[in-house]
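Presented below is the structure to which this report refers.
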Amino acid sequence: MKRNWWKYLGAALVLYAIIVGISRPLNPGILQIDPIALEAGQTYDLNIATYNTNFTNGSDVDAFIKINDTFGIQSQSVVILEHNELKASFVIPEKLPSILQRERYSIILSADGLGTFIRPSALSIVQKEIDLNGAIAAWPSNDFGKFKRADRAQFPFRAILYESLRNLFYHVPMWFGMTFLLLGSLVSSVLYLKDNNIERDMMASSMIKVAVLYGILGCATGAIWARGTWGTWWTFQEIKLNVSAATLLLYFAYFLLRAAIDDEILKAKISSVYSIIGFVAAVFLLFVLPRMVGDSLHPGNGGNPGFGGEDLDSTLRTVFYPAVIGWTLLGFWLAQLSYRSEILQDYFLEKFD
Amino acid sequence: MKINSLILLVFTFGISCPLLAKDPIEVALHSSGKIYLVVGTLAVIFIGILIYLFSIDKKLTNIENQIKDNE
């Protein structure tokens, strides 16, 4: 128990990540608004379709159109149609406090228990003449009271991603795990070259074995996620896919190298050197290149919105960090199993051959 | 490259109307909120780790058989 505490910790953290990661609900969201092209000075009944809401006839829901940080329009009335659909009536003032003739504005819903949720730049409103001062002077009340808060922990609602946001806890830790395992193999290889203990080389090879497994799983799960959100299993337009594939090829070559050399000590020395060089290359490929290229389809990169407040929402963090630690510990457990089986095989080959 | 990803983003992000012709996979994913992507991810990881465990198990079995044969 004392020696294996980290294995059980890893298993517990992964179990936690799976249970909470799947069962914690998403924030409610706004799926669709009809109509979305409005004119200033008109009255509209906006039909709003929502996600993950449980409206009832008695639900107290407020609707707002956010013009900017200072000005907004509150709905005249909100009628609940279905558990995930409502109708909000808005009177759009003749003049808007904007210097553009046509601009996109956000819509906000605020409901008891569910909290407040927004669809940014959802409506486009056209005004006939631009009169900033006149608009501000004639603006109806801007006092909306307090926005309602959610009464439970929820994950952020992200268009395109929806529930697949939860893959953050399973796909991303594969890559973190792979990196930590490669780091471990680097340490092991360096130690082998220092004191020529063959077991260190076997440990390095086991860690790289699991690192490659995690990399393959990362690519496979990423492909599934991509098919449902980007519309394609794979694309060479995306830098992160290219560099992860390159890194995996690099470490496939590590095993080819080991297979090609018969002499045990030569095999150990050469593959140790290769793994050290490989790690340097992998760090450059995985961490430097994507930041240099900048352009990306991945959330949080290349101008895409991230997962939450400032890239990672705190409700996600409480599951993501334990998940990374858990999957990494699990990876080291798998590596240790591989290492132990190699040691045993070696031992009994010597004994009986 | 930038234009392509921009177009891809605009297409999937900006359009609120669900009446565009979509292939059945996308409709199924969207109506269930894409939870199946998470199910698929977990299944793949689990199967991958299982395969790895099987291969280690097989190796250990071979060693055990060798011990047995040599006793």
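The values are calculated or read from the model by the stated rules, or taken from the named source; none is laboratory data. Fair warning: this is a prediction, and the values are worked out from it, not measured in the lab. Cβ: placed from backbone, ideal geometry, glycine included. Neighbour counts: every protein chain shown. For the accessible areas, the whole protein counts, side chains as well, though only heavy atoms, and no ligand, DNA or RNA atoms are used. Shrake-Rupley method; radii C 1.70, N 1.55, O 1.52, S 1.80 Å.
Between A:Met292 and A:Asn304, the simple spin-label model (points 7 angstrom out along Cα→Cβ) gives 2.2 nm. Extension gain for the segment A:Phe252 to A:Glu94, taken as residue separation times 0.36 nm less the Cα-Cα distance, is 50.3 nm to one decimal. Listed by chain and number, the lysines placed with their C-alpha closer than 26 angstrom to that of B:Lys58 are A:Lys7, A:Lys209, A:Lys267, A:Lys351, B:Lys68; residues fewer than eight positions away on the same chain are left out. Note on exposure: A:Met178, A:Met292 ranked by accessible area (1.4 Å probe, complete protein assembly) read A:Met292, A:Met178, with the most exposed listed first. Within region A:97-170, which chymotrypsin sites (Phe, Trp or Tyr not before Pro) sit in a loop by DSSP and count at most 16 neighbouring Cβ atoms inside 10 Å? Answer by residue number: A:Phe144, A:Phe147. Near A:Lys148, within a Cβ-to-Cβ distance under 15 Å, what is the net charge of the other residues, with Lys and Arg +1 and Asp and Glu -1? Computed value for this residue: -1. Starting from the alpha-carbon convex hull of the protein assembly as shown, give the projected area averaged over all orientations, in nm². Taking the Cα atoms of the protein assembly as shown, their convex hull projects to 26.4 nm² on average. Here the simple spin-label model places points 7 Å from the Cα toward Cβ, and for A:Gln345 and B:Phe54 these points are separated by 1.7 nm.
Only alpha carbons enter this Debye calculation for region A:136-190, each as an equal point scatterer, and the log10 of I(q)/I(0) it gives at q = 0.22 Å⁻¹ is -0.92.
All Cα-Cα separations within region A:197-279 were binned at 10 Å from zero, giving a P(r) of 16, 42, 23, 14, 4, each value a whole percent of the pairs. Here the scattering of region A:164-352 is modelled by Debye summation over its C-alpha atoms, one equal scatterer each and no solvent; at q = 0.11 Å⁻¹ the log10 of I(q)/I(0) is -0.54.
In terms of accessible area, using a 1.4 Å probe and ignoring ligands and nucleic acids, A:Phe320, A:Phe287, B:Phe54 rank largest first as B:Phe54, A:Phe287, A:Phe320. Under a straight-distance cross-link criterion of Cα-Cα below 20 Å, which lysines are reachable from A:Lys128, leaving out those fewer than 8 residues away in the same chain? By straight Cα distance, A:Lys128 reaches A:Lys66, A:Lys95.
Here, region A:29-146 yields an orientationally averaged convex hull projection of 6.6 nm² when only Cα atoms define the hull. Positive contributions from Lys and Arg (+1) and negative ones from Asp and Glu (-1), summed over other residues with Cβ under 14 Å from the Cβ of A:Ser205, come out at +2.
Applying 1/(1 + (r/R0)^6) with R0 = 51 Å to the Cβ-Cβ distance of A:Ile130 and A:Asn47, what FRET efficiency is obtained, to the nearest 0.05? Result of the calculation: an efficiency of 0.95.
Other residues whose C-beta falls under 9 angstrom from the C-beta of A:Arg24 contribute a net charge of +2, scoring Lys and Arg +1 and Asp and Glu -1.
When the Cα positions of A:Gly41, A:Trp175, A:Ile107 are compared along the charge dipole of chain A, A:Trp175 comes out farthest toward the positive end, with charges on each C-beta of Lys, Arg, Asp and Glu.
Between region A:116-146 and region A:219-251, the alpha-carbon centres lie 42 Å apart. Annotation: A:Arg317 carries an accessible surface of approximately 90 Å², with a 1.4 Å probe and no ligand, DNA or RNA atoms counted. Ligands, DNA and RNA excluded, the heavy atoms of A:Thr43 present near 90 Å² of accessible surface to a 1.4 Å solvent probe. Maximal additional length on extending the A:Leu183-A:Phe144 stretch stands at 8.7 nm, based on 0.36 nm per residue less the C-alpha distance.
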